[in-house]
Each structure stands twice: as C-alpha cells, then as structure tokens.
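Peer 1: The structure under discussion is supplied below as structure tokens; questions concerning it will follow.
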Amino acid sequence: MMSAERAACLREWQERAYRRGRRARQDVTYLGCELVIPPGVMPITPVSNLLGQAVLNEVGAGERVLDMGTGSGVNAILAASQGASVLAVDINPDAVTTARNNVRRNGFEDLVEVRENDVFGAVEGAFDLIVFDPPFRWFRPRDSFEMASTDENYAAMTRFFGEARTHLTPGGRMLVFFGTTGDLAYLLHLAEGAGFSHTVLAERESGDDAYFTYRMSLSAPRPSRGRGRLR
C-alpha cells in the first residue's frame, strides 16, 4: 500500500505537471511523426518512446488496432505506419480534434478513425491489439485535460480491465504503459484479476521512479517481434 507521504508527493508532482501542460504547445518530430500538440492535450514526455517504440515493434500489417486514450494521436499514427487499421478514441474533445489533425498531417486518414469515447462506450468489435496509456494517478480531474493523467479512484482503468477481453480477437494482446508515479501494484492487480498475463517489454528509471511498457494477453506471453527492451 502506498504511504500517505508518497501520495502527498505525487499530488505535488501532479500539480506541477498540470500547470506546465495547460500552457505548453509542442511542435515536435517524434519517431518519424510530425505532431502539433496544443495546450490542454497530453504532450510527448521523455518516457513516451517506451510505448511508442513498442507499438512500432509489435504491430503487424493488416491488424486491427484500438488506441485507447489516443491524446495527440501519436500511437495511432505509429500503428498505421506499420500497415494497421486503427480506431483511436479519447474522452477529451480537444484531444480528438488534435488527433484528427495529426493523422491528417501525417497522411493516414485512410487507416485511422478518431472518435470521442469513454473507455469502451463507443467501441464495437474485436481488435488484434489494444494500446492503452492510462492515467497514472487516482485523483479527481479538474478538467478534460487532466483526465489524461488522473482517474478518480481508478474508475476508468477498472472498467477497462473488466471489459477488455470482450474486445480482443483470439490471441489478441495489449500494450499497456504505466509507472511508479501511479499505483503500479493496483494496475497489475486489475490485470491479473481479469485474467491477463504480462511481460515487460521496456522499462526505464527516472530519478526515484520507474516506467514500464507491458505486453498483456489472455494466453501465454509470446516473444517480441521487435529489437528488444529499451533502456
């Protein structure tokens, strides 16, 4: 269980990140993508490539991919660059607009559909791969921007793991990104309770914290098709 002192430190950390994110715009080239990310949409961070590179390594041509909480659309674009058909969803209307613009900017309108959605509410069918970068912290969000990083009592994450198996094809798998600036033990508890095994594909330490990309599946983990673990 997380200590009260640690929880207080994370609240302070969240406040600083919130203030930065509300006023920052990014114009960035990231893993070959050209992105414009306005204030109010989750920016690219120094550890984003732990998930982005895993997407490039994991996705196969012709697969159907769901990018849950797409934000700027970056992981949807990366999946499309590997020949996948992608549904990208986000609860934040500003993120939906940003993702559509970035998909168009990178020339993948024919492969990526962007839709406003709360967890699986507007999602139909099954996918070969689900990409999920959930909010790390369990506080109540102040606005739609903060919903990218905070999920009150992990309600959305709990719903996700409760429903994910019905949206995976036989042999389908998930890429899930999380770190110790959230309650990592609880995320793994939810995953295991829903019947998912997990394998660490990428990890990085940053100060006192660590970040991980997991492959999760309802069957035995399979070897990576990529270039191995990122450090």
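Peer 1: So for segment 93-116 (the condition being within 21 Å of Arg165 (Cα to Cα) and not charged (D, E, K, R)), does at least one residue qualify?
Peer 2: No - not one qualifying residue is present in segment 93-116.
Peer 1: In this structure, does Val86 turn out to be in contact (Cβ under 8 Å) with a residue 40 or more places away in the chain and either within 15 Å of Phe177 (Cα to Cα) or part of a strand (DSSP E or B) (or both)?
Peer 2: Spelling it out, it is not the case that Val86 is in contact (Cβ under 8 Å) with a residue 40 or more places away in the chain and either within 15 Å of Phe177 (Cα to Cα) or part of a strand (DSSP E or B) (or both).
Peer 1: Could you count how many residues in segment 27-72 are open to solvent by less than 50 Å² (accessible area, probe 1.4 Å) and in a strand (DSSP E or B)?
Peer 2: Total meeting the criteria: 10.
Peer 1: Here is a follow-up. Can you list residue pairs whose Cβ atoms sit under 8 Å apart, with the first residue in segment 157-183 being within 30 Å of Arg16 (Cα to Cα) and free of Cβ contacts under 8 Å to residues at least 40 places away in the same chain and the second being among the small types (Gly, Ala, Ser) and surrounded by 18 or more Cβ atoms within 10 Å (Cβ to Cβ)? Count only pairs 6 or more apart in sequence or on different chains.
Peer 2: Note: pairs meeting the criteria are Phe161/Ala191.
Peer 1: Follow-up question, since we're still on this one. Return the residue satisfying two criteria in turn: it lies in segment 112-143 and is in a loop (DSSP other than H, G, I, E, B) and acidic (Asp, Glu), and of such residues it is farthest from Gly171 (Cα to Cα).
Peer 2: Among those that are in a loop (DSSP other than H, G, I, E, B) and acidic (Asp, Glu), it is Asp143.
Peer 1: How many residues are in contact (Cβ under 8 Å) with a residue 60 or more places away in the chain, closer than 23 Å to Ser72 by Cβ and more than 17 Å from the chain's Cα centre (by Cα) if we restrict to segment 116-142?
Peer 2: So the count comes out to 2.
Peer 1: Here are some residues: Val112, Val131, Val176, Val123. Which one is of a type in the set (Val, Ile, Thr), more than 19 Å from Gly60 (Cα to Cα) and open to solvent by less than 50 Å² (accessible area, probe 1.4 Å)?
Peer 2: Working: Val112 fails: more than 19 Å from Gly60 (Cα to Cα); Val131 fails: more than 19 Å from Gly60 (Cα to Cα); Val176 fails: more than 19 Å from Gly60 (Cα to Cα).
Exactly one of Val112, Val131, Val176, Val123 is of a type in the set (Val, Ile, Thr), more than 19 Å from Gly60 (Cα to Cα) and open to solvent by less than 50 Å² (accessible area, probe 1.4 Å), namely Val123.
The values are calculated or read from the model by the stated rules, or taken from the named source; none is laboratory data. These numbers come from a predicted model, not from an experiment. Neighbour counts run over all protein chains shown; Cβ positions are idealised from the backbone, glycine included. Accessible surface is based on the protein model in full, side chains and every heavy atom, while ligands, DNA and RNA are left aside. Shrake-Rupley method; radii C 1.70, N 1.55, O 1.52, S 1.80 Å.
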